[in-house]
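Reading through the structure tokens given below for one structure.
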Amino acid sequence: MIRLLRQMAWLVSLAVKGPGGKIGLFFFACVFVLNIVSIQINLKLIAWNAAFFDALQKLDASEAARQVGVFFLIIGSSAAVFLVASYLRKIVQIRWRRALTSASLDRWLSNKSYWHLAGDTRIDNPDQRIADDCRIFVEKFTQEGLDVAGNIIALFSYVTLLWTLSTFPLALVLAGMSIEIPRYMVWAAPIYVAIGSVVAHLLGRPLKRLTFEQQKREADFRFSLARMREAYDEVALAGGEAAERRHFDGRFSRIIDNWRRLIGREFILGIFTRPYMSTVLRIPLFLALPAFLAGKLTLGGLMQIANAFSNVVTTLSWFIFSYRDLAELAATTSRLSNFLRLAEEQAGRQSSFEHVREPGDTVALQEVIVRNPEGRPLVHLPELHIRRGECIWLSGVSGAGKSTLLKAIAGLWPHGEGRIATPVDLPFFLPQKPYLPLDDLAAAAVYPHDPRDFPPGWIENVLAKVGLSHRLIATGGVAESGTAEKPQGLSGGEMQRLMIARLLAIRPDWAFLDEPTSALDAQAERDLFALLREMLPLTTFVVVAHREPAGLGPLRRVNIAPGSAEVDDPSPTMNVLTA
């Protein structure tokens, strides 16, 4: 419990410290004050019961009519306070969710944390953590957090009133002994609720675990549907509908299985909580009835003390009534805080390589050993110097470690050792699988830059140079309208042409390309590489490819193959070994 409270306090601090969070704290305080005002209105309503029902008992029509007017005034005030508090609570939720989401995104994106978390089995569905858990935590905390604070104050107010009203004792005879319990209405309330709370906890204890698992399985199912959306062509061409359906059905069956256990447990809890909720308003009436029948209470006094008792019991029963929401809050707090802690851990993770930024015109690798996650060496590179403006061809069989070497140079791959010195100018890395943002062709061509930062017509010109003018004709252009065709409809070869356009748009000084033309024919590859060399004459190209990249001009070849090294330049600085 202490650990859970610490996690909750940390998440709240992130929400408060974020953009708009402190103003949200002010609104939160306003809601708290309004809740106290609501308590005072409730006390007025309890007092109204005595005045109204006493007027009925005395058959005082004018006083009864006046009390009806007082009733509507109290109810109107109560409704106004509730609506304002509800509105301000939603404003707090907007501000704190935005702040908490911002903090989550900062940690997830910081220092490539998202990349390192992708293979971490301790975390699942980071999209759900950020999109859903931030929302659920803020909603439940602003509701339950305010309730527990308000209930503490309300409890003192209602108990004080109940103590004042319960001036009569309860006289009992047990085993021939006379027992008198003074102010028994005050003592009956906590005993009644304590028994109910223990029973509710014992019956509802599994709800946190089941709720946690249910949300995880729901997220897994949504992820599988979203994943297929990105692979329509592949599934359709393979005729994989039946296989995908089996996969969907399997994940949905897991949802149903846990759902059945969840609703079964909720049903068991409801067997107790539903009758409990229904009797809260009647039990106090029954308990005070002996005093009324003995003439110690008027009808108004009976209704007033019953109302006061009901408020005490209802306030104390917050734990029982909110058990389901509290279980969801606890599960969400654990999931979200663990995710953020892991993201922070990965963001602060130090690579075993020595990465340095040095001014100059050389990329220098010294005694670089790239290993797999289990520690087995993949590539051993004693020394390699890549000079500004030259072209390097990394060749070798599939699986030799060429792409992993590029990830190590980029600072992503953490497994290995050695010194990697790169210029201050950030290099450009193009992976095997092109990334297409959820935007139009213009945004895809200049990603991660903003298309509006480029002159009108410039992007159209670049796309035409790489052979995508037919896409421009089909959509009427991209520079002005902003309604260009979505790049998700491009073929593999067209996507690689788009990546070449991205290179031309960004104009990097250093470009590391992983299989950039594997989907193109030899002549198209030659033309595009020649275009790159023509428009980017000073750019250094390091190209991973199975065939020689024709069109780039003179190449230095570094062949990475298990057990051997073959280098065009016989310089000892080019020896490459793999294990």
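For mean projected area of the Cα convex hull in nm², the value calculated from this model appears in (1) 41.4; (2) 28.7; (3) 38.0 under label (3).
Each of I500, I386 was scored by other Cβ atoms within 10 Å of its Cβ. Arranged with the fewest first, they read I386, I500.
Counted by Cβ distance under 14 Å from R507, the other residues give a net charge of -1, where Lys and Arg count +1 and Asp and Glu count -1. The ranking of F26, F53 from fewest to most other beta carbons within 10 Å of each one's beta carbon is F26, F53. Put simply, the amide H of T362, placed in the peptide plane, has no neighbours under 5 Å, leaving out anything fewer than 5 places away on its chain. Would you mind getting me the FRET efficiency between I179 and H201? Use the beta-carbon distance for r and R0 = 45 Å, nearest 0.05. That pair, I179 with H201, gives E of 0.90.
With an 8 Å Cα cut-off and a minimum separation of 6 or more residues, compute the relative contact order for the stretch 2-347 in percent. In percent, rounded to a whole number, it is 31. Length gained on full extension, H355 to T160, computed as 0.36 nm times the residue gap minus the Cα-Cα distance: 63.4 nm. Once the chain from S13 to Q523 is taken as fully extended at 0.36 nm per residue, the excess over their C-alpha distance is 177.7 nm. A cut-off of 5 Å between modelled amide H atoms, ignoring neighbours fewer than 5 places along the same chain, links S395 with V558, N559, I560. Between the listed residues A154, S352, A400, the Cα displaced farthest toward the positive end of the dipole of the chain, a dipole computed from Cβ unit charges relative to the Cα centre, is found at A154.
Counted by neighbouring Cβ atoms within 10 Å, the residues C30, C134 run from fewest to most as C30, C134.
Close amide H pairs (under 5 Å, H built 1.01 Å from N) link E383 with E367, N575, residues at least 5 positions away or on another chain.
By its C-alpha gyration tensor, with a ≥ b ≥ c as the square roots of the eigenvalues, how is the stretch 1-51 shaped: rounded for a/c under 1.5, else prolate for a/b larger than b/c, else oblate?
Oblate is the answer for the stretch 1-51, as a/c is 1.5 or above yet b/c matches or exceeds a/b.
Just want the answer: with Cβ charges of +1 for Lys and Arg and -1 for Asp and Glu, which residue in W10, P456, F72 is farthest toward the dipole's positive end in the chain? Ranked along the dipole, the leading option is F72. Here each label is just a point 7 Å from Cα along the line to Cβ, and for A238 and F267 those points are 4.0 nm apart.
Mean separation of Cα pairs under 8 Å and 6 or more residues apart, divided by the residue count, gives the chain a relative contact order of 14 percent.
Centre-to-centre, using Cα atoms only, the stretch 427-450 and the stretch 1-60 are separated by 50 Å.
Here the Karplus relation 6.51 cos²θ - 1.76 cosθ + 1.60, evaluated at θ = phi - 60°, turns the backbone of the stretch 349-360 into coupling constants of 5, 9, 6, 6, 7, 9, 9, 9, 10, 10, x, x Hz, with x for every Gly and Pro. Straight-line reach from K44: taking Cα to Cα under 26 Å and skipping same-chain neighbours fewer than 8 places apart, the lysines in range are K58, K296. The string of couplings for the stretch 494-503 from the Karplus curve (6.51, -1.76, 1.60, θ = phi - 60°) is 5, 5, 5, 4, 5, 5, 5, 4, 5, 4 Hz, one whole number per residue in order, with x for Gly and Pro.
State to the nearest 20 debye the size of the charge dipole of the chain about its Cα centre, where the only charges are +1 on K and R beta carbons and -1 on D and E beta carbons.
The calculation lands at about 2280 debye.
Working from Cα pairs under 8 Å separated by at least six residues, relative contact order for the stretch 354-574 is 27 percent. Hey, with R₀ at 30 Å, roughly what FRET efficiency would E374 and Y435 work out to, going by the Cβ-Cβ distance, to 0.05? Efficiency computed from Cβ-Cβ geometry: 0.60. A straight Cα-to-Cα reach below 19 Å connects K90 with the lysines K17, K22, K140, residues fewer than 8 places away in its own chain not being considered. Which trypsin sites (Lys or Arg not before Pro) in the stretch 319-372 pass both tests, a DSSP loop state and at most 16 other beta-carbon atoms within 10 Å? Loop-located and lightly packed - R349. Counting 0.36 nm for each residue step from W187 to V397 and taking away their Cα separation leaves a gain of 67.5 nm.
The stretch 67-122 and the stretch 298-367 have Cα centres spaced 13 Å apart. Beta bridges from DSSP with both residues in the chain: antiparallel share about 55 percent, rounded to the nearest 5. On the beta carbon distance between H470 and A530, with R0 = 25 Å, the FRET formula returns roughly 0.75. Using the Karplus relation 6.51 cos²θ - 1.76 cosθ + 1.60 with θ = phi - 60°, the per-residue 3J(HN,Hα) values for the stretch 63-79 come to 5, 4, 5, 5, 5, 5, x, 4, 4, 5, 5, 5, 5, x, 5, 4, 5 Hz, with x marking Gly and Pro.
Each value in this text was obtained by applying a stated rule to the coordinates, not by laboratory testing. Fair warning: this is a prediction, and the values are worked out from it, not measured in the lab. Neighbour counts run over all protein chains shown; Cβ positions are idealised from the backbone, glycine included.
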